Every structure is written in structure tokens, then in C-alpha cells.
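Participant: Below: one structure in C-alpha cells.
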Amino acid sequence: MQSPNLSHDVSDKVVVRFRSTGSAPILKRSIFKISATQKFQALIVFLRKELGYKPSDPLFLYVNSSFSPAPDELIENLARCFCVESQLIINYATTAAWG
Amino acid sequence: MSRGRLEQEVKRRVWEGAISLRFTLDPTDSIALTSTSSLPKPYNCYYILAKRNEFLPFILKRLKEEWILPLLCLESPLATSRQLGDLSGESLETALGLVFEEFWIEYNGIPLKWHHPIGLLYDLKVLASPLPINKNLSDLDSQLASYVSSSKKIEEKTKPWDLILHLKKYPSDKLIKSPSIPLFKEMFMSLLKETDFVRNGSSRKVMDLSKSDQLSLLDGLENSSPSFFQNIDRLRGITEVDWAQNPNLQLPIHISKLPPNIPRAIPIRFYIIDASTATDDTHSIIQIPSSVYCLLEDISQKDQRISLSNFKWITLLDSIYSILSEHKLILPSTALDSDSIHEEPPDKLAKIQAELSTWKCIIHGIEPQLGTPLLWLADNFSYTDNFLHIILVDMKSFS
């Protein structure tokens with residue numbers, strides 16, 4: 001019997017692709033690797049730094065143009081469930097999208 | 001019981017399942033507010049009967065409005081020095097020095113995660129943590145000790161859950177920032193989108209809700225109204241499978257019998273408590289999308305061609321076994337590695353059952369039969385975020 005578990009394979013590092021939405025600035029480099037054991041919070045902090053945003057600047061992050069994970073969700077769990085072609089797609093916007 | 005009646009009864013119990021909570025106020029907070037380490041009667045503790053499916057932010061709101069604010073209006077030294085009667089809402093809270101987002105709840109020294117349903121928190125912290133048994137005792141002593149500990153356990157399960165409310169010193173290193181009620185509602189919608197995505201490959205069902213449907217859903221979340229559960233059920237979609245027709249789940253079923261509205265996967269979060277997490281009273285979380293059936297390979301006698309014309313429902317046992325072996329949490333015996341074609345299924349089943357005998361599985365406060373189909377559990381035992389939250393405890397790590 002094949003495994004009922006439909007997870008994507010996750011290695012120690014997860015490839016993350018950032019995509020800007022609406023008027024959010026586009027990153028010079030959009031693909032990064034992040035440790036699978038990190039929490040989603042680490043991605044939020046990282047993206048804010050890349051964009052040079054202050055903590056007070058509004059920024060919204062979504063997985064697969066769909067939902068915002070809780071900051072303490074593990075990257076490996078998100079990658080296991082939501083990777084597309086071995087990448088975790090993170091859409092970001094300066095106003096709430098897909099709400 | 002006729003078809004559907006059992007499910008209705010199970011659902012009713014899952015929806016109405018409740019836990020009695022007994023709150024006391026943290027002594028330091030109590031001194032800061034009223035200059036006494038325990039609050040004056042009748043305010044010294046506060047009881048709430050919380051639904052298993054409820055979330056802590058709504059409990060915190062009730063504690064604030066029904067317990068802390070009335071108490072402070074009477075007892076706070078501020079109350080005598082200032083005119084509080086004219087104030088209400090946030091200005092009253094500010095005048096009394098309260099910040100709702102700094103409220104948090106502690107059990108046994110551990111801050112409780114506000115984004116888990118209360119039933120899940122209780123199962124993780126109370127039901128899943130066995131009392132340690134001293135191994136150096138003689139037989140009679142150990143029997144006595146196990147009797148005492150099991151009766152303690154029963155006592156533990158029947159008395160209210162003792163929790164401490166904190167108003168200050170939010171443990172930001174252990175908990176994510178506490179949300180306002182509107183923010184929490186947004187987060188809940190996001191959880192629904194996440195589970196919708198796993199089940200259907202997009203979040204369309206949740207996104208397509210009209211504004212008024214969304215508002216009534218979220219009002220229901222706050223009040224745990226019966227219509228809320230029905231709305232969540234409708235959103236998730238219920239599969240029409242007559243389980244009574246398939247008493248033996250191990251038998252192959254022809255593919256034509258597969259119902260049309262089967263979700264492509266169901267979202268499961270496993271909370272694993274084993275030797276590596278038991279010492280610091282935590283758990284690891286593994287989230288997976290799981291299919292609810294699998295196709296079976298048939299090798300034709302005539303021309304040796306492989307066909308996939310039959311399927312089998314995935315059971316809770318299959319799911320637990322695959323997650324534990326894939327994450328190397330159990331070491332599968334070599335007999336199980338060989339392909340099932342050479343082995344009679346009942347033998348294999350017995351071996352898997354033996355492998356899992358030291359593991360305890362808890363969903364909604366009970367230990368479900370491991371032969372239960374996963375789809376039945378998803379339809380009837382999901383929490384309101386539409387996740388199936390399954391706790392797995394390795395009992396070996398506590399002996």
C-alpha cells in the first residue's frame with residue numbers, strides 16, 4: 001500500500017520565492033533558502049529587512065495567493081503541505097489582499 | 001442506529017463538548033491592582049464552562065468584562081481617587097491600567113497558546129501527560145502507586161482545570177503577540193483558507209463567502225452558536241459515504257464505488273509527545289495533507305499487467321503508522337518493509353498494531369479506535385478550523 005501521506009519532500013533548507021502583489025516593491029533577488037526548522041516569523045522579519053521596512057510599515061504575507069500562516073508555523077510544515085515545484089511561494093502586499 | 005443518526009449524535013457531542021475552567025489571578029498582578037495577593041471574595045476565583053472548540057481570546061474577553069473590570073470598579077485604589085462612572089470601554093480599561101493585548105493564561109508554569117482550541121490545549125497539557133511512575137518500587141508498592149496515580153488521574157480529569165490569568169509581563173519569547181478580537185477573527189478566516197486549500201487545491205470556497213456570510217460565521221465563532229458549527233460543516237462539505245455498507249475496511253472496493261465529492265486531501269496536524277519533547281513539557285507539530293483512500297495494485301493472473309481498479313479507505317492506523325515511520329519515530333520491523341503482495345494483510349495489520357501498542361492517540365479528549373476511517377474522522381472529528389488535530393503520545397518515554 002502506498003503511503004497516505006501526500007506531503008512534498010522537505011530537505012534541511014527550503015527554497016522560498018517571494019512575489020510582490022499590488023504596489024509592493026519588487027525585490028532584486030526573489031529566491032532565497034531558509035532552514036526548514038525556522039518559523040514563519042523568521043520569513044516575515046527577513047522580508048521586512050530586504051525591503052527596508054520599519055516595523056510600523058504595513059506588510060502582508062500570503063502562501064500561494066491564499067492565506068496568511070500564523071507566525072509560529074514551522075517552515076517545514078508549510079513546505080510539506082504547500083510547495084509548488086519544490087518552492088514555497090510567498091506573495092507580499094502593502095495592503096490586505098485575498099482577504 | 002440508522003445511517004446518519006450516529007454521525008449526528010457524534011457531532012452534537014463534539015460541538016457541545018466542554019471543559020470547566022477555574023481561574024485565579026496571578027498574585028503579583030493582584031497586588032498591583034488591589035494591594036492584596038489574592039482577590040477579595042467573591043472575586044477570588046472565576047469559573048467558565050468553555051466549549052472544547054472555543055479559543056482563548058474570547059475567554060480572555062469574558063474574563064476581562066465579567067470578572068476583572070467589575071472587580072476593579074469596586075476594589076481598585078484608582079476607583080476612589082477618580083471618577084470612573086462616566087468611563088466605558090477602552091477608556092475605562094486605560095484608566096484602570098489594563099491592556100487587553102497583555103493578558104495571557106498560564107497552566108503549571110506554561111503560557112497557553114491562544115491560537116489552539118481549548119480542547120486541544122487541555123488534551124495536550126492534562127490528558128496526554130501521564131503521571132510518572134517510580135520504577136524502583138517493589139511489585140506491591142508499584143501496584144499501589146499505579147492505583148493511586150490512576151485515581152489521581154481520574155480526579156484530575158473530573159475537577160475544573162486550574163488556570164492562572166496574567167494581566168502583565170506578556171511572555172513574548174514563548175507566545176506570539178496576542179491579537180485583538182477583530183485580528184483574531186481575521187486569523188481564523190486565514191486558518192479556514194489554509195484548510196480549504198489543502199482539501200480543494202484553492203481557497204475559493206472561503207473567498208467566495210459573501211461579506212454577510214463571513215460576518216455571521218465570525219459572530220458564530222465568538223458565541224459558539226449551533227448555526228456556526230453547521231456553517232463550518234457546510235463550508236467543509238460532507239461526504240456521503242455509508243460506512244455501514246463497508247464493515248471490513250481492509251477489503252478492496254471497486255473504484256466505481258468511490259463517492260464523487262471526496263476531498264483531494266485532508267489537513268492533519270499531529271502533536272507528538274515523545275522522549276525528545278517530554279522532558280520540557282512540549283510537543284513537536286507535524287502538519288501533513290493526507291489522502292483518505294488509496295488505490296490498490298492488482299496483478300492480473302492472465303497477462304501480469306498491473307491495474308488500479310480497486311481502492312481501500314485509509315484508516316487512522318494507516319495514517320499514524322505512516323507518519324511515525326516516515327519521521328523515524330518508530331523503527332519498522334523488517335517484515336513490514338517487504339511488499340504486502342507476499343504477505344496476507346491480516347498478518348501485516350497485527351504487526352503494525354504491535355508496533356503502535358506503546359503509542360496513545362487522542363482526538364477531542366478520547367482515544368478513538370485505530371480502525372476508524374480517516375474520512376469519517378475528518379467529517380466528524382475536525383475542529384472548527386477544519387483541521388484534524390491528532391495527539392500522539394509515546395508512552396514508553398514515561399515509563
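Participant: For region B:300-333: of the residues being within 14 Å of B:Leu349 (Cβ to Cβ) and among the aliphatic types (A, V, I, L, M), which is nearest to the other protein chains (Cβ to nearest Cβ)?
Facilitator: Per the criteria, the residue is B:Ile314.
Participant: Ok, one more. Can you confirm whether region B:243-252 contains a residue that is in a helix (DSSP H, G or I), in contact with a helix residue (DSSP H, G or I) (Cβ under 9 Å, 6 or more places away or on another chain) and surrounded by 12 or more Cβ atoms within 10 Å (Cβ to Cβ)?
Facilitator: yes
Participant: Keeping to region B:289-299, report how many residues are open to solvent by less than 40 Å² (accessible area, probe 1.4 Å) and either more than 10 Å from every other protein chain (Cβ to nearest Cβ) or touching a helix residue (DSSP H, G or I) at 6+ places or on another chain (Cβ under 6 Å) (or both).
Facilitator: 3
Participant: So the check is Cβ under 6 Å with 6+ separation or different chains; which pairs have a first residue in region B:266-285 that's assigned by TED's automatic domain parsing to the domain that holds B:Trp313 and of a type in the set (Val, Ile, Thr) and a second one that's outside any strand (DSSP E or B) and open to solvent by 30 Å² or more (accessible area, probe 1.4 Å)?
Facilitator: Between residues of region B:266-285 that are assigned by TED's automatic domain parsing to the domain that holds B:Trp313 and of a type in the set (Val, Ile, Thr) and residues that are outside any strand (DSSP E or B) and open to solvent by 30 Å² or more (accessible area, probe 1.4 Å), the close pairs are B:Ile272/B:His283; B:Ile273/B:His283; B:Thr277/B:His283.
Participant: Can I ask one more? If I ask for residues that are part of a helix (DSSP H, G or I), facing chain B (nearest Cβ under 7 Å) and within 19 Å of B:His116 (Cα to Cα), which ones from region A:63-93 would you list?
Facilitator: A:Asn77 - this is the single residue of region A:63-93 that is part of a helix (DSSP H, G or I), facing chain B (nearest Cβ under 7 Å) and within 19 Å of B:His116 (Cα to Cα).
Participant: Looking at (1) touching a Phe, Trp or Tyr at 6+ places or on another chain (Cβ under 8 Å); (2) within 14 Å of another protein chain (Cβ to nearest Cβ), which is the one condition that is false for A:Gln2?
Facilitator: Here A:Gln2 meets the rest and fails (1).
Participant: If a residue must be more than 14 Å from chain B (Cβ to nearest Cβ) and more than 16 Å from A:Lys13 (Cα to Cα), how many such residues does region A:36-55 contain?
Facilitator: 8
Participant: Would you check which residues across region B:46-77 are in contact with a helix residue (DSSP H, G or I) (Cβ under 7 Å, 6 or more places away or on another chain), at pLDDT below 85 and in a helix (DSSP H, G or I) and list them?
Facilitator: Across region B:46-77, the qualifying residues are B:Leu72, B:Cys73, B:Glu75.
Participant: What are the pairs with Cβ atoms under 6 angstrom where one residue, in region B:174-194, is at positive phi and more than 8 Å from chain A (Cβ to nearest Cβ) and the other, located anywhere, is open to solvent by less than 20 Å² (accessible area, probe 1.4 Å) and among the aliphatic types (A, V, I, L, M)? Sequence gap at least six, or different chains.
Facilitator: Partner pairs satisfying both residue conditions: none exist.
Participant: Which condition breaks for B:Ala350 when tested against (1) closer than 18 Å to B:Leu127 by Cβ; (2) open to solvent by 20 Å² or more (accessible area, probe 1.4 Å)?
Facilitator: (1)
Participant: I've got another one for you. Please verify whether region B:383-399 includes one or more residues that are within 14 Å of chain A (Cβ to nearest Cβ), assigned to a helix (DSSP H, G or I) and touching a residue at least 24 places away in the same chain (Cβ under 8 Å).
Facilitator: The answer is no; no qualifying residue exists.
Participant: Output the qualifying pairs, or none if there are none: Cβ atoms under 6 angstrom, residues six or more apart or on different chains, first residue in region A:15-37 and within 17 Å of A:Leu51 (Cα to Cα), second residue hydrophobic (A, V, I, L, M, F, W, C) and open to solvent by 100 Å² or more (accessible area, probe 1.4 Å).
Facilitator: Correct list of pairs: A:Ser20/A:Ile26.
Participant: Residues of region B:355-372 being open to solvent by less than 20 Å² (accessible area, probe 1.4 Å) and not in a loop (DSSP other than H, G, I, E, B), which ones?
Facilitator: Matches in region B:355-372: B:Cys361, B:Ile362, B:Ile363.
Participant: Let me ask something else. Which of the residues spanning region B:1-41 are among the charged types (D, E, K, R) and modelled with pLDDT under 85?
Facilitator: B:Arg3, B:Arg5, B:Lys41
Participant: Which ones in region B:253-288 are more than 11 Å from chain A (Cβ to nearest Cβ), in a loop (DSSP other than H, G, I, E, B) and either β-branched (Val, Ile, Thr) or open to solvent by 30 Å² or more (accessible area, probe 1.4 Å) (or both)?
Facilitator: Passing the criteria: B:Leu258, B:Pro260, B:Asn261, B:Ile262, B:Thr279, B:Asp280, B:Asp281, B:Thr282, B:His283.
Participant: So is A:Ala96 part of a helix (DSSP H, G or I), exposed (fewer than 15 other Cβ atoms within 10 Å of the Cβ) and touching a residue at least 24 places away in the same chain (Cβ under 8 Å) or not?
Facilitator: No, not satisfied.
Participant: Let me ask another. Pick out the one residue from B:Ile110, B:Ile154 that is farther than 30 Å from B:Ser190 by Cα, more than 14 Å from chain A (Cβ to nearest Cβ) and either surrounded by fewer than 17 Cβ atoms within 10 Å (Cβ to Cβ) or at pLDDT 90 or above (or both).
Facilitator: B:Ile154
The values are calculated or read from the model by the stated rules, or taken from the named source; none is laboratory data. Just so we're clear, the structure is a prediction, and the values are computed from it rather than from any experiment. As a convention, Cβ positions derive from the backbone with ideal geometry for all residues, glycine included, and neighbour counts pool all protein chains shown. Note: accessible area is taken over every heavy atom of the protein model, side chains too, but ligands, DNA and RNA are not part of it. Shrake-Rupley method; radii C 1.70, N 1.55, O 1.52, S 1.80 Å.
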